1. Give me the residue from the range 19-45 that is among the small types (Gly, Ala, Ser) and surrounded by fewer than 21 Cβ atoms within 10 Å (Cβ to Cβ) and, out of that set, farthest from the chain's Cα centre (by Cα).
2. Just to be sure, is residue 70 assigned to a loop (DSSP other than H, G, I, E, B), surrounded by fewer than 16 Cβ atoms within 10 Å (Cβ to Cβ), at pLDDT below 95 and not aliphatic (A, V, I, L, M)?
Amino acid sequence: MIVCVCNRISDREITRQARAGMSFDDIQLELGVATCCGRCEGCARDIVAQCAPGHPVAALHHAGLATGPHGARA
């Protein structure tokens, strides 16, 4: 799903960066998420938090953010 409409950034892009170890601030600089109107910031931060190493995988499934082996939604 598109999280940042202004910059057309999807939850998958944010998840990919977060799983690579980037913080929200790093992702914001890299992708431009939440740099225009800011309406997506809360959602984007939630996605990054759910990808934190200590966050259980089951929570990602519950939030609908888990993906299969080739990036397809599980």
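1. 38
2. Considered against the rule, which asks whether it is assigned to a loop (DSSP other than H, G, I, E, B), surrounded by fewer than 16 Cβ atoms within 10 Å (Cβ to Cβ), at pLDDT below 95 and not aliphatic (A, V, I, L, M), residue 70 comes out as yes.
The values are calculated or read from the model by the stated rules, or taken from the named source; none is laboratory data. Since we're looking at a predicted model, the values are computed, not measured. Quick reminder, even Gly has a Cβ in these numbers, built from the backbone with ideal geometry, and neighbours come from all protein chains shown.
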